[in-house]
Number of protein chains: 2
Amino acid sequence: MQAHDLPAHAGLRIDGARLWNSLMDLAQIGATDKGGVCRLALTDLDRQARDLFVAWAKEIGCAVRVDAIGNIFARRAGTRDDLPPVMTGSHIDTQPTGGKFDGNYGVLAGLEVLRTLADANVRTEAPLEVAVWTNEEGSRFVPVMMGSGVFAGAFTLDHALAQRDRAGVSVREALAAIGYGGSEQPPHAVGAYFEAHIEQGPVLEANETTIGVVEGALGQRWYDVTVHGMEAHAGPTPMELRRDALLVAADLIRDVNRIALDHAPHGRGTVGWVDVHPNSRNVIPGRVTLTVDLRAADDAALTAMDAALRATCAAAALPVDVEQVVYFAPQPFAAPLVAAVRDSAEALGLSSMDVISGAGHDAVYLARVAPAAMIFVPCKDGISHNEIEDARADHLEAGCNVLLQAMLRAANPTGVKSA
Amino acid sequence: MQAHDLPAHAGLRIDGARLWNSLMDLAQIGATDKGGVCRLALTDLDRQARDLFVAWAKEIGCAVRVDAIGNIFARRAGTRDDLPPVMTGSHIDTQPTGGKFDGNYGVLAGLEVLRTLADANVRTEAPLEVAVWTNEEGSRFVPVMMGSGVFAGAFTLDHALAQRDRAGVSVREALAAIGYGGSEQPPHAVGAYFEAHIEQGPVLEANETTIGVVEGALGQRWYDVTVHGMEAHAGPTPMELRRDALLVAADLIRDVNRIALDHAPHGRGTVGWVDVHPNSRNVIPGRVTLTVDLRAADDAALTAMDAALRATCAAAALPVDVEQVVYFAPQPFAAPLVAAVRDSAEALGLSSMDVISGAGHDAVYLARVAPAAMIFVPCKDGISHNEIEDARADHLEAGCNVLLQAMLRAANPTGVKSA
């Protein structure tokens, strides 16, 4: 890279210790004995965490706004407030047995970017915003990714507000109870959206790479599959007179794996849930229900995988019902933003590799309404949604520096050639 | 067969209508709305059924004795009471969703044999006994086949009496509560033991055959098998970095089936129970526990099947624990008694075939201490342990006539050449 091509403030670095300390402070709210966090969406613990974020944002002069589904936007003015904001963010609700980093890292990395710019007294052309999206995890209320889903128009505000938890409390009631039911207004335009996140998978660690340049998110098709056999006593029923539903289910489990391997490298196929009826030691299973989760990077592959699943079910030795229950289209991220992440990692001298997100994230919904990209950093053993979820401070710092540099590139469209 | 070879009373026939009516009368005790019977061992319903049997036995002059585990023996004297009795019997306890025939048929077929002999004023040389064995089903108390197991010395009386149901009631207490805790005395010698039973399998029906000449019972090995993988998110974890316990379990389910087929025609292999952890739609299973039930007609085959199971578990792509939890040796029945059943069916002009019992029965324990054999009759669709269990009156009558003739052969060792 030539010196005259350097983006503005290429030498600026975030404060890794401050980022880490903020992560640890936030993790106190809902901390579990095993070192994780249990902070379900729209509980009082969620309120405490939101209040802490809002206080931190106001400390550095941000304007804070809350929308009608409870999404929080902390805004730092730019020099050209006619430009749509460059946004980053994630979520601070957790799974019941969640960790300190999933979601929280994306929010606090965004805050750390704003803190760094405030310390250095750097103003960007476009305004910057850090978003805290409501109920990404979906542990208390479904659908998951609720706040970003409403923002992106994946479903309506009214639909989301009407959902209830197992105790019968609605999202509308829960928002009011914690004081985060904001004003109803149309989603505002977003110039670019970046989200930093722990990988929640093993690829970066296996490749000893610090930065995952996320090119997009896999499409998903989820199914409920039921095999209909005939229950019978294991003793008196010869092999040739059986209609063993579990034997057919075992073939399907194998087939789901094969279908995924046939669509390498990004095809994925998982049977995660199995119910055997009557589930008795000496009774041949009469009915087996299982879930199938197919994922692929492009819709042609996902469609082919769907056809292969249906074909293998149709060819089974017993009747098999297949019902699709979820469909998410594959979501490529915006090439210029992906390049900004890749180039920023390179300029920072960090190891990086192109990856694809296998999981859903708020960024996947944002990509429907704005250019979007993600930055992954490794997490220990690829584990998340678990109290032992862990990540290295140097990786978190590196990802946050990439976020800073990528946001600066996007927020300074006319360019400033040196800091 | 030459006329001079005819066994005594070859022309004698039981009363099929009386047998059927007794079955229906007994089935009123604990009758369920769906046409089945729920009469758990040593409940007050069991007492009512026992009382009815005892009353019926006394009506035809039988002496009734109860042993310390509650087995009932109704004895009809012979002309030579120095001979050990020729015994038949079964059980009248049922599964919670049991039917009218399982067990009950064997007891009432024995009673019908005695009634027929009483009506015809026929006396056998050896005395005859009808046994009602305590707690064959094992639904309320384990071990199963408790009464016959104590009688045959498979386990001790004290062990059986000390077992408790889920409410904490011991067998000893339950026996006392219904008045069927009899006197403790050594099991008496048995000259021959026959047991008539519905097949509880589909073989006779599939072969349109009335009488199953049971040559013995399959040996059984039961196992608990656990596959240890690593749970991980279905989305972010590529296929090549997975340790999917369910995928290995699917192979084992297939292997158990193959191992059984490798030991045709009597080899049987069943996975009836599966537990997937954490059993979540989008989580790769980290641990799968399953049961394996292997059965074979001879111990060499059963040992080979055990070795094959252990080999396939040892060769699996993930660590697999295998623990054997039950072992029953294969139990051949006594050739002279099996021949008596076969010859009686032939003499009666009934279709018959040699079969093997895949399930456990009281006769399997009795075979440890006396010559034993069984007579199977078809049941509808091979279904039992179900309220829709059903059997045809003509089949039940035919099986009872075979029982009568086989018992006459065994009980008249010096022979009487014509009725």
Rounded, prolate or oblate: which one fits the range A:326-419, using the alpha carbon gyration tensor with axes a ≥ b ≥ c (rounded when a/c is under 1.5, else prolate when a/b beats b/c, else oblate)? oblate
Three principal axis extents, largest first, for the C-alpha atoms of the protein assembly as shown, in Å? 121, 48, 40
Nearest-5 percent of antiparallel DSSP beta bridges in chain A? 70
In degrees, nearest 10, the alpha-carbon axis of helix A:335-347 is tilted away from the dominant principal axis of the alpha carbons of chain A by 70
Mind listing the label-point distances from B:Asp44 to the same position on all other copies, shortest first, one decimal in nm, points 7 Å along Cα→Cβ? 5.1
Distances from B:Ala329 to the same residue in each other copy, label points 7 Å out along Cα→Cβ, in nm, shortest first? 7.0
Axis carrying A onto B: which residue of A has the nearest Cβ, and how far, whole Å? A:Ala250, 2
With unit charges on the beta carbons (Lys and Arg positive, Asp and Glu negative) and the dipole taken about the Cα centre of chain B, which residue among B:Ala162, B:Ala304, B:His266 sits farthest to the positive side? B:Ala162
Work out how much length A:Asp15 to A:Arg65 would gain on full extension: take 0.36 nm times their residue separation and subtract the Cα-Cα distance, in nm to one decimal. 15.4 nm
Pairwise over distinct Cα atoms, reciprocal of the mean inverse distance: report the Kirkwood radius of the range B:158-228 in Å, one decimal place. 17.5
Under the Karplus relation 6.51 cos²θ - 1.76 cosθ + 1.60, θ = phi - 60°, what is the ordered set of whole-Hz ³J(HN,Hα) values for the range B:317-332, x standing for Gly and Pro? 6, 10, x, 10, 8, 10, 10, 7, 10, 9, 9, 10, 5, x, 10, x
Helix-only CD estimate at 222 nm, as mean residue ellipticity for the protein assembly as shown, using -39500 (n - 2.57) per DSSP H run (n ≥ 4): -10000 deg cm²/dmol
5 Å is the cut-off here: which amide hydrogens, built 1.01 Å from N in the peptide plane, fall below it relative to B:Ala372, excluding neighbours closer than 5 in sequence? B:Tyr193, B:Ala334
State the antiparallel share, in %, of DSSP beta bridges confined to the range B:219-328, rounding to the nearest 5. 100
Could you calculate the FRET efficiency of B:Ala311 with A:Leu261 from 1/(1 + (r/R0)^6), where r is the beta carbon distance between them and R0 is 30 Å, rounded to 0.05? 0.70
Hey, got the Cα dimensions of chain B along the principal axes, in Å, largest first? 82, 51, 40
Using label points projected 7 Å from each Cα along Cα→Cβ, tell me how many nm separate B:Ser183 and A:Asp119, to one decimal. 9.6
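None of the figures in this text is laboratory data; all of them are computed from the coordinates on show. Here the structure is a predicted model, which is why all the values come from computation and not from measurement. Because the Cβ atoms are built from the backbone with ideal geometry, glycine has one as well, and the counts that use them run over all protein chains shown.
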